[in-house]
Each structure stands twice: as structure tokens, then as C-alpha cells.
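This report refers to the structure that appears directly beneath it.
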Amino acid sequence: MIIDVNVYLSRWPLRRLPCDELPKLVERLQACGVTRAWTASFDGLLHKDVGGVNERLAAECRQVPAGLLQPFGTVNPTLPDWREELRRCHEVHRMPGIRLQPNYHGYTLDHPGFAELLQLAAARGLIVQLAVRMEDPRMQHPLLRVPDVDTTLLPDLVTAVPDLQLVLLNALQILPGDRLSALARTGRVYFEIATLEGVAGIASLVTRVPLECVLFGSYSPFFILESAVLKLRESELSPAQLDAITFENARRIGTQLRQ
Amino acid sequence: MGKITRRALLSGAAQAAAAGTLLGHAPARATARAVAPAAAGTPACDLDRYVIWDAHGHLYSADTPPAEQMASLLRAADRMHIERVVVFMGYPWVYDPEPDEVRRQNDQVLEAIESSDGRALGFVYLNPKHTQESLDELDRCVRDGPMVGIKLWVSIRCHDPCLDPIAVRAAELNAPILQHTWSKITGNLPGESMAEDVAALAARNPATTFIAAHAGGDWETGIRAIRGTPNVTAEICGGDPTAGIVEMAVRELGAQRVIYGSDFRGRSFASQLAKVVGADIPEESKRLILAGNLQRMLAR
């Protein structure tokens, strides 16, 4: 059983990906043992009509049987009437969470709407995901250069919202070590392994942050799904550690929010 | 243990090829089996059916003896069913090292590979700005020593004519030249080569075998840059495990011009192996990329 917390549907704006069609993505997820995938849409990066993006995302996730794909909607707090989008994600589409893309949406974390969005999402019991990076800045298209999200303010923002459960995507190798530790100490911030690097990287990671903070994430289909799966093999991990990373920690986030 | 000679290493590679490891039928060397989740044993992630040689790796510490570093790396390699690794450059990394520093770092690598029971292959690190010293070091480590290739990094862009004597000597010694390549929209180092630079050097030296490490970094342009230069092979390590890199390389270059490397220990074996085992290409192409092409290159 694997819960993959970092999956996207639709098209990456600058390249076709081998698994960017729904049947191929589902086939690959299942072949690698993924039983749940927290799924957002690449359309949410650049489309202004995020209402349409979220509606299509929810519909596509419903097409796939057994609840394999769980939709995480896009909310952009710089758009007019963004609170309605949050409401729809929760009440209309019954999404378990939302995925934020501050760098593609052109705001920094001191934007007043961001703090409010965290408050409102937490009040609704939604998991909040925040993608720190989508693409290596060294190789971006010259007309679409998007810096990593500056997470300097994030520890204080998390502390200010006691009910918040925050999952950082594509953050490892990018967050400085002291910030990683500060966020981990809150007990309400989680990190997935898609961008984790280094030989036996997971074994090293769990010496720096509590095991309970570590989730399985692949960033598929932009990244090759097998990368995350093989990282589980590369580190010498106990069965209990593997269970925690592959599904127990992610399942616990949802449980905590429901309580 | 006795000194490992280049001849013995290359003989080993040839024997491996002759024994059918190119087809993946040879028994794996004794490995410490991983405690892995069921998913890691699914066909999509089954490494054990492949022979794997890793073409790109580094030592990682100035404080730990090279033999200890190698032992640690090989334990992780065992978990990923990697049979042999290529290692080059010592520690700390220096962009533009003086000849004495180059020699010191190559000594570190020599110590590491001599402790590896034949599982680590060394490429000699050179700074081509010091051409004569580079030729001397090449003789010391490859002609008269156990190393089997050449590593060039970022001291000078490799289209410079000062590299030609090194390329000529490399061909005489049947030693491939692995050149770091990266094209960065954020800006390259002054001496950092791009794939186009390797193509230019390779076109002037058609008898020499070149490896464009990292496939140019920005692989969609890097692969195109070397496409018309048949003595350049793309090596896919060092970047994120972005889907499609190996599919494009095989489509544009052919599977025989693509090799696997990881850039350990900065990169994970897993993320880089996934580029190959997770690619939508024929199984035989995967076997060539994971070991066959490098074995063939070194057995010449």
C-alpha cells in the first residue's frame, strides 16, 4: 500500500510527459503499488479560471475507480473571490485538501491573502499542500523563469494557525537545514521525498526530522514515479519505517483533521 | 591486496560481456538484499534482472579515508544491484586545480578503487589548462595505472584547442573522455562546458570517444547538440528524474549512445536509475544503457 501525496493531472505547459494521459498515469501508479494519489492539476499553474480547473480535476478523479485519485484543488489568493474557490473545493467537490502554487501565482508568503487562506483552510479541515518548486531553475524556459518559493516566513505562519496541517511538496534539497528543522518541530508540517537526493537519502533524512513528518511523494508524471519507489529500497529502513513513510503518516494527517 | 591493473579491469569487462551479462543473464554478485516494500519488487521497479554499471560518481569527504568512503558507497550500490561504479575526482572539489592538487585527488581515487575488489573503475581527473601535466598524469594513471578513462570538469570550456593533445592521447589509450556539460539559464561558470562544446571537440577528434555528462544538463537542447557527432555518448546523470529524458535520448541518438550514471553521492542511485528502468523504451535498450554500452566502451 502506498499513498502518493504528490501527483498531477493534465499537461505540463512546456513538454509532453510520457504519462500525462489519465489511463497511462493510472496504469503506472498501479504498477508501482500506489493505492491512493493526492492529485492536483498542472492547469492550476497558469490558468486563471481555476474554477474550471478544479471542476475538471474532480471529474477526472471520479472517472478512476476505487478512489485511487483524490483531488486537491487549486486556490489562488490573488484572484478575485478566491474564498468561493476554497468553499467549492470543500463543499462542492468534497476535496480532502488544496494545493498552493505561490511562485506560479505570483505572490510571496507575506501576501495578506495567504495567511487568511491558511486560516480558512484549516478551519474547514482541509489539508494544505504547498509546492516549493516545480522545475529546476537552471533549466527553465527563458520566457517562464519561476523562482522557488521563499519559505522564510513559513515557520511563523504555521505557528499562527494551530489547526493547520501543511504538506510541503518538492521542498527537500531546497529548504535550508535550519528551516527544515524549525518546520519539523511544529509537528504539523510534512515533507515528501520526490526531490530528496543523495545516496540512501531517506535514511539520512529521518536522522534530521521525525519519521512522522516524512511522506511518500513522486511528483509524477513530471518525475518518473519509479524514482520515489526505488528510494525506499536504497535506504536501509525497517518495515515499520517503510509503513510510516508509504502510508501511515499520510493516513494520519487525514485522521487528525477529521477529529 | 595486489595492485589492480587496467588490463585486468578491462579483461574483466570483456569477460562479463562474453559471459552474457549484456543480456542480463549473469548471476548478480553477492549483494546485501534490501528490505524493500512490495512495490520495489514489482516489474516496474525490478532492478535485479539487470546488470548495472554506474558511469559517474564521486568521493564525498576530506575527512574519511577513500577506502572507507568506497566501502560505504558500495554497500548502497549493493542494495540497488549495481555491480560496478566509475569514480573520479577527490575531495574537496576545486574548479581550477593546480597540477599538484589534481595529482593528490587522483591518488585519493586510486586508493578508493584499489580497495574495491575490482568493483570501482577510476577515471583520471585532469585540468586541461595544464596540458603537459595532464598528459603526464594521464600516462601515470591510465597508461601505467589502473584507471580506464578521463574526467574533465569546469576549469576550461572543452572546445578550446588546448584539449586536442589530450584527446589524441586518449584515443591512443582507448580511454573515453567524460566531460561535464551543463547549459544553465541562470548562468554557467566561466570554464563550464556545454554539450555544444563537446560536439566541437569531438568533431575535431573523431577517433576519440566522448561522454557528455549530464546530457548537457538542459537535456532537451543538449541531446540535440551532440546528435550529429557520433563519437559522443550522452550520460544521463545529475539532473532531476524528469520523465522523458531517456526516451528522447534513445529516439534522437539511438540506445547505443546513451549510458547510465548517477552522480553519487550527491544524487541518489534511485532517482537516476529510475530514468532508465522507468523509461518507455525496449528492454534491450535498457540493458545497453545500464551496462552494455559502458562495458563495450571500456573493452575496446
Counting alpha carbon pairs within less than 8 Å and at least 6 residues apart, what relative contact order, in whole percent, applies to region A:2-258? 19 percent
Computed lengthening from A:Leu143 to A:Thr35, 0.36 nm per intervening residue step minus Cα-Cα distance: 35.2 nm
Alpha carbon centroid spacing (whole Å) that separates region A:126-168 from region B:238-259: 30 Å
If you take the square roots of the eigenvalues of the alpha-carbon gyration tensor of region A:2-258 and sort them as a ≥ b ≥ c, do you get rounded (a/c under 1.5), prolate (a/b over b/c) or oblate? rounded
As a test, work out the antiparallel percent of DSSP beta bridges whose residues both lie in region A:2-258, rounded to the nearest 5. 0 percent
Measuring from label point to label point, each 7 Å out along Cα→Cβ, what is the B:Val168 to A:Asp81 span in nm? 7.5 nm
With all protein chains present, the protein assembly as shown has a carbon and sulfur share of its accessible area (1.4 Å probe) in percent of 52 percent
Given R₀ = 56 Å, what would the calculated FRET efficiency be for A:Glu21 paired with A:Asp156, taking r from the Cβ atoms and rounding to 0.05? 0.85
Quick calc, A:Arg124 & B:Ala207: beta-carbon distance into FRET formula, R0 60 Å, rounding 0.05, result 0.30
Can you tell me the FRET efficiency between B:Thr186 and B:Glu101 if r is taken as the Cβ-Cβ distance and R0 is 22 Å, rounded to the nearest 0.05? 0.20
Gap separating the Cα centres of region B:119-135 and region A:196-259, nearest whole Å: 40 Å
Length-normalised contact order of region A:53-180, Cα under 8 Å, at least 6 apart, in percent, tallies to 21 percent
Lys and Arg at +1, Asp and Glu at -1: neighbours of A:Leu86 with Cβ under 11 Å from its Cβ sum to -1
Name the residue, out of B:Met70, B:Met248, B:Met194, whose mean-square fluctuation peaks in a Gaussian network model built on chain B with Cα pairs under 10 Å. B:Met248
Would you work out if region A:56-155 is rounded, prolate or oblate? Take a ≥ b ≥ c from the square roots of the eigenvalues of the alpha-carbon gyration tensor; rounded if a/c is under 1.5, else prolate when a/b is larger than b/c, oblate otherwise. oblate
Neighbourhood charge, 14 Å Cβ-Cβ cut-off, centred on A:Arg16 and excluding it, Lys, Arg +1 and Asp, Glu -1: -1
What is the magnitude of the charge dipole of the protein assembly as shown about its Cα centre, with +1 placed on the Cβ of each Lys and Arg, -1 on the Cβ of each Asp and Glu, and no other charges, expressed in debye to the nearest 20? 1040 debye
What ranking of B:Glu247, B:Glu98, B:Glu220 comes out by heavy-atom accessible area, probe 1.4 Å, highest first? B:Glu98, B:Glu220, B:Glu247
What is the mean number of Cβ atoms from other protein chains located within 10 Å of the Cβ atom of each residue in peptide B:75-83, rounded to a whole number? 3
Tell me, what is a quarter of the convex hull surface for the C-alpha atoms of the protein assembly as shown, in nm² with one decimal? 23.9 nm²
Length gained, A:Ser238-A:Arg179, 0.36 nm per residue minus C-alpha separation, equals 18.5 nm
Which pairs in the list B:Lys151/B:Lys275; A:Lys24/A:Lys231; B:Lys151/B:Lys286; B:Lys129/B:Lys286; A:Lys231/B:Lys129 are over 29 Å apart, alpha-carbon to alpha-carbon? B:Lys129/B:Lys286; A:Lys231/B:Lys129
Top mean-square fluctuation among B:Asp63, B:Asp240, B:Asp107, Gaussian network model of chain B, C-alpha springs under 10 Å? B:Asp63
When the chain is fully extended, how far beyond the present Cα-Cα distance does A:Lys48 get from A:Arg251, taking 0.36 nm per residue of separation? 69.9 nm
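The values are calculated or read from the model by the stated rules, or taken from the named source; none is laboratory data. Remember, predicted model here, so these are calculated numbers, not experimental data. Cβ atoms come from the backbone with ideal geometry, glycine included; neighbour counts cover every protein chain shown. Each accessible area value is taken on the protein alone, full model and side chains, heavy atoms only, with ligands, DNA and RNA left out. Shrake-Rupley method; radii C 1.70, N 1.55, O 1.52, S 1.80 Å.
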